[in-house]
1. Quick one: in segment A:98-110, of everything that is open to solvent by less than 60 Å² (accessible area, probe 1.4 Å) and among the small types (Gly, Ala, Ser), which residue is nearest to the chain's Cα centre (by Cα)?
2. Being open to solvent by 10 Å² or more (accessible area, probe 1.4 Å), part of a helix (DSSP H, G or I) and either under 30 Å from B:Trp78 (Cβ atoms) or of a type in the set (Asp, Glu) (or both) is the filter here; which residues of segment B:204-235 pass it?
3. Considering every residue within segment A:146-155, establish whether at least one is surrounded by fewer than 23 Cβ atoms within 10 Å (Cβ to Cβ), within 14 Å of chain B (Cβ to nearest Cβ) and among the basic types (Lys, Arg).
4. Filter segment A:40-55 down to the residues that are within 27 Å of A:Phe234 (Cα to Cα) and in contact with a Pro (Cβ under 7 Å, 6 or more places away or on another chain) and list them by number.
5. Those residues that are open to solvent by 10 Å² or more (accessible area, probe 1.4 Å) and over 22 Å from the mean Cα position of the chain (by Cα), I need them from segment B:385-405; list them, please.
6. Pairs, please: C-beta under 7 Å, at least 6 apart or cross-chain, first residue assigned to a strand (DSSP E or B) and in segment A:22-42, second of a type in the set (Lys, Arg) and surrounded by 22 or more Cβ atoms within 10 Å (Cβ to Cβ)?
7. Of all residues in segment B:162-186, count the ones that are more than 21 Å from B:Asp84 (Cβ to Cβ) and surrounded by 13 or more Cβ atoms within 10 Å (Cβ to Cβ).
8. I'm checking my understanding of the structure. Among residues of segment B:35-76 that are of a type in the set (Gly, Ala, Ser) and surrounded by 15 or more Cβ atoms within 10 Å (Cβ to Cβ), which one is farthest from B:Phe153 (Cα to Cα)?
Amino acid sequence: MPGVVLKALAKRYGDVGAVDGLSLEVKPGELLALLGPSGCGKTTTLRLVAGFLAPEAGEIWVGDRCLSSPASVVPPERRRMAMIFQSYALWPHMTVAQNVAYGLRFKPGLSRGDREARVREMLRVVQLAGYEGRYPGELSGGQQQRVAVARALVVEPEILLLDEPLSNLDANLREEMRFEIRRLHETFGNTTLYVTHDQGEAMVISDRIAVLKAGKVAQTGTADDLYHRPRTRFVAEFIGRTNVVDGVAVARDTVAHANVRIRVAIADLAPGSRVALSIATVTAVH
Amino acid sequence: MDRSIPVWVGAALALIVLMALPLGWLAWLSVSGEHGTTLTHYRDVFTDPALRRALWNTVVLAFWVGLVSVAIGAPLAWLTARTDVPRPGLIRGLVLASFVTPPFLGAFAWVMLAGPNAGVLNTFWRSATGAREPLLNIFTMPGLIFIVSIYTFPYVYIMVANTLALIASDLEEAAAILGAGRLAVARTVTLPMVLPALASGFILAVLQALALFGSPAILALPAGFHTVTTQIWSLFQFPPKVEQAAAFSIPLLLATALLLQVQKRLLGRRGYAAVGGKGGQRRTIPLGRWRWPALGACLAVMSCAIFLPYGVLAKAAFSRAWAQPLTRDNLTLGNFTFTFFDYGSTRAAIVNTLELGVMTACIGAAMVAVLSYVTNRKLVIGHQVVAFLALAPVVVPGVVLAVGLFIAYTRPPFVLYGTLWILFLAYLTKEMPVGYAQADATFRAIPADLEDAGRILGAGRLRILREITGPLAKSGIIAAWCFIFIGVIRELSASILLFTPNTKVMSVVIFDLKEEGQFGAISVLGLVMLGLTFATVALVQAALGRDVLGARR
C-alpha cells in the first residue's frame with residue numbers, strides 16, 4: 001500500500017490560484033483529512049490527485065510512480081484509485097449490483113463468478129445484502145451512500161479519495177456514517193484522502209488533518225496537535241471554539257492584554273513581541 | 001488542446017456552409033449593382049408603395065398576433081398551472097396538439113370552415129338564420145390574425161405556464177400575510193414575476209408571425225394583400241428579382257435579431273432567485289362555481305384550433321364535395337386514390353419528405369449531440385462560441401434563409417439548386433437551434449460526476465461514452481431527433497422558394513393542390529402529415545417519459 005506525495009502543486013482558474021504551491025504527504029495506510037473553508041482549494045487538490053485536472057506546476061507521486069506533472073498526466077482510469085463523490089454519482093440506469101461491479105470489469109483475471117462473489121461480499125460489509133437488484137433511485141440517501149462506498153472499496157484501490165461524502169446526509173445519519181467510514185478504513189487500510197469542511201468530521205474520522213487556506217497547507221497534524229498547538233490564528237479559529245486575544249509578550253511566559261496578564265505554558269516567547277493568544281474552551285475549563 | 005482541432009474545423013466548416021455563405025451572399029447581392037455597390041435595391045424596395053404596404057401589413061399582423069396570443073395563452077397557462085380547473089392534462093394535450101399542427105393546414109381548414117361563400121360555418125349560419133351575408137370571412141386581416149394566433153399562442157402558454165409552475169406560493173403568501181389582498185398580491189407579486197415570461201412569449205409570437213409564409217399565402221393573397229414573406233416569394237416568381245428579394249429580406253432579418261435580443265435581455269435580467277428555488281409548494285386556487293365554465297372556455301378556444309379544423313379536414317378527405325353534408329352519396333375513398341395514385345407528384349413528394357426528414361433528423365441529431373456534449377463538458381477552448389453558433393440560425397426566418405441559400409447555391413463552386421441537398425441544408429440550418437436546445441438540456445441534466453466516477457474506476461473516455469453517457473442521454477437525443485423530424489415534415493416557408501419540379505415535398509404539393517382547388521387531396525395529405533407528426537410526438541413522450549421517470553424516481 002503506497003502513500004501519496006504532493007510536491008508544490010499549482011492550479012489556477014483564470015486569475016484565481018485555486019491551488020498555489022501545495023505540498024503534502026499522505027503516509028501509506030493513513031487517512032488524511034483535507035480540511036478548509038469553501039474556496040480553499042481542497043476539492044481542486046482532490047481532483048488533481050484523481051487526474052481529472054492537470055497541474056500547472058508541481059508533481060504528484062504515488063509510491064515510486066509520478067502520476068501528474070505539467071508535462072504528463074496519467075489518466076484517471078490508470079491510477080488504481082477509487083473515489084466517493086459528494087453527489088454519490090451512482091449510475092441511475094444500472095442496478096446496485098451493476099454499479100458496484102463496474103470497476104471490477106477492468107481488473108484482469110477475475111471471472112464472472114469472482115466478481116459476483118466480491119460484489120455480494122462487499123454489499124454484506126456495507127449492510128446492503130439483498131439490495132442487488134434495486135436501482136439507485138429506489139434507495140434512501142443513506143443507502144445510496146453505502147452503495148457509493150461499496151463501489152469504491154470493492155476494487156481494492158491503492159488510494160481512496162472522498163469528496164465531502166457526508167454533506168448530503170441528515171445529521172443523525174452523518175454521525176453514523178462517520179464511524180462506518182472509520183470502521184471500513186480500519187478493516188481495509190487504504191491510503192485515504194478525505195475532503196471536508198466540517199472540523200468535527202475531520203477530527204473523528206482521520207489519522208491526521210491538513211488544514212488548507214488559500215490553496216496552501218496552513219498546518220498538518222493530528223487533531224490533538226491542531227487543537228492544542230495551532231500555529232496560526234486561522235488554524236486556531238477554524239479548528240476549535242476558541243478565543244484569540246491579541247497582546248504583547250512581557251516575559252518569556254507572560255502575555256499582556258490591556259491590564260490583564262496571562263501566564264502561558266509555552267515559555268519561549270520573545271519579550272516585547274506582538275503575540276496572539278488562543279484560549280480553547282477545553283483548556284479554560286481545567 | 002490538440003483534440004479540439006477537428007471539432008473546431010468541423011464547426012467552422014458547418015458554420016460556413018450553413019450560415020455564412022447564404023447570409024453573406026444575401027447581404028452582398030442586396031447592395032451589388034452592375035457597377036459596384038449600390039443602394040438602389042433598397043431604394044426600390046422602400047419607395048415602392050406596394051412593398052411598403054406589405055411591410056406595414058406584416059407589422060400589423062405580427063403585433064396583433066402577439067397580443068391575441070398573450071390574451072389566449074396567458075389565461076390558459078394560469079388556469080392549468082395554478083387553479084383546480086378540471087382536466088388540466090387534456091388542456092395541456094390540446095395546447096401541444098395546436099403547437100405541432102402545421103399552421104398552413106389550419107389555414108386551409110379554416111378556408112373550408114369560414115370561406116365567405118361555401119364555408120361550412122357560413123352555410124350553417126345562413127340556413128339557421130336565413131341571412132344572406134356570411135357570418136365570417138376568413139380572407140381578411142382579422143381572419144388572418146385569428147388563424148395565426150390560434151397556432152401561435154402555445155409559445156406564450158409554454159413560457160407563462162413554466163414560470164408560474166416555478167413560483168412558490170410562499171412568495172404570494174408572504175405578501176398576503178403582510179396585508180395584501182388577493183388583487184394586490186396578483187398585482188404586486190405574481191404579475192411582476194410573470195411579466196418577463198409574458199413579454200418574452202409575446203416576442204416569440206411576434207417572431208413566428210413575422211416569419212410565417214403559409215397562412216398569409218393562403219389567406220392574405222386571395223384577400224388581395226401581401227406580407228413581407230409572401231412579397232419575397234412573389235419577387236421570386238418569374239421573372240425573379242433576386243436582388244430586390246435580398247434587399248427586402250434584410251429588414252426582416254434585422255427585426256428578428258433585434259427582437260430576440262430584447263427577449264434575451266428580458267429573461268436574463270433580474271436573477272429570479274425564487275424561480276427554480278427548491279422547497280416552496282404551489283397551492284392551487286379553487287375556482288368554485290367557475291371551474292366548469294373555465295374548462296368550457298378552454299375547450300372553446302381549442303375547438304377553433306383543433307376540433308373544427310381537424311373535423312373539416314377529415315370530412316373533406318372522405319367526401320366527394322367537401323361543402324356538402326356527409327351523406328352516403330357523398331362518401332368516398334376517391335380522394336385517397338386520387339392523392340396517392342392519380343396525382344402526379346404526391347408519392348414522390350412523400351418519399352422526398354420522408355427521406356429529407358430522416359436524413360436531416362439523423363445528421364442533425366448527431367451534430368447537436370456532439371456539439372452540446374463538447375460545450376457542456378467544456379472540451380474545447382471557446383466552447384461558448386460553438387454554443388452561440390448552434391443557436392444563431394434562430395434569427396433567420398425560413399424565407400430569408402431560402403433566399404440566401406438560393407443565391408449561394410445556384411452558382412459555382414456549389415451548385416446544389418435543383419437537388420434535395422439544398423433543401424437538406426435549409427432544414428438542417430433551420431432546425432439546428434431546436435435540436436441543440438434539446439440536446440443541451442439533456443447533457444446539462446447528466447452530472448459530470450457520473451462520468452468521472454467511471455473514469456476513476458478504470459474505464460476510458462470512449463467506454464464511458466458508450467456505457468454511461470450514451471445510455472443516459474439516449475432518450476434526450478431521440479427527442480431531439482423527433483423535434484427535428486417534426487420541423488422538417490411541416491416546413492413550407494423555405495421549401496417554397498427552393499423546390500424544383502423534381503424535388504417537391506409534401507408541404508409544397510399541398511400548396512400546389514390549393515392553386516388547383518383540390519381540397520379533398522389537400523385534406524388527405526394533411527391527415528397524413530398530422531398522422532406522421534402525432535406518431536413522432538408519441539415517440540418523444542415514450543422516449544422521455546419512460547426513461548426519465550425510470551432514472552429520477
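The values are calculated or read from the model by the stated rules, or taken from the named source; none is laboratory data. Keep in mind it's a predicted model, so treat the numbers as computed, not measured. Positions of Cβ are generated from backbone atoms using ideal geometry, with glycine treated the same way; all protein chains shown enter the neighbour counts. Each accessible area value is taken on the protein alone, full model and side chains, heavy atoms only, with ligands, DNA and RNA left out. Shrake-Rupley method; radii C 1.70, N 1.55, O 1.52, S 1.80 Å.
1. Kept after step one, since they are open to solvent by less than 60 Å² (accessible area, probe 1.4 Å), are these residues of segment A:98-110: A:99-104, A:106, A:110.
From what's left, among the small types (Gly, Ala, Ser): A:101, A:103.
Values: A:Ala101: 25, A:Gly103: 22 Å.
Within segment A:98-110, the match that is nearest to the chain's Cα centre (by Cα) is A:Gly103.
2. Result: B:Leu204, B:Val206, B:Leu207, B:Gln208, B:Leu210, B:Ala211.
3. No, segment A:146-155 contains no residue that is surrounded by fewer than 23 Cβ atoms within 10 Å (Cβ to Cβ), within 14 Å of chain B (Cβ to nearest Cβ) and among the basic types (Lys, Arg).
4. A:Leu48, A:Pro55, listed by residue number.
5. Matches in segment B:385-405: B:Val385 only.
6. What qualifies is A:Leu34/A:Lys42.
7. Residues that pass the stated criteria total 4.
8. Looking only at segment B:35-76, we keep the residues that are of a type in the set (Gly, Ala, Ser), and these are B:36, B:50, B:54, B:62, B:66, B:69, B:71, B:73-74.
Then keep just the ones that are surrounded by 15 or more Cβ atoms within 10 Å (Cβ to Cβ); that gives B:54, B:62, B:66, B:69, B:73-74.
Details: B:Ala54: 24, B:Ala62: 12, B:Gly66: 8, B:Ser69: 4, B:Gly73: 5, B:Ala74: 9 Å.
Among those that are of a type in the set (Gly, Ala, Ser) and surrounded by 15 or more Cβ atoms within 10 Å (Cβ to Cβ), it is B:Ala54.
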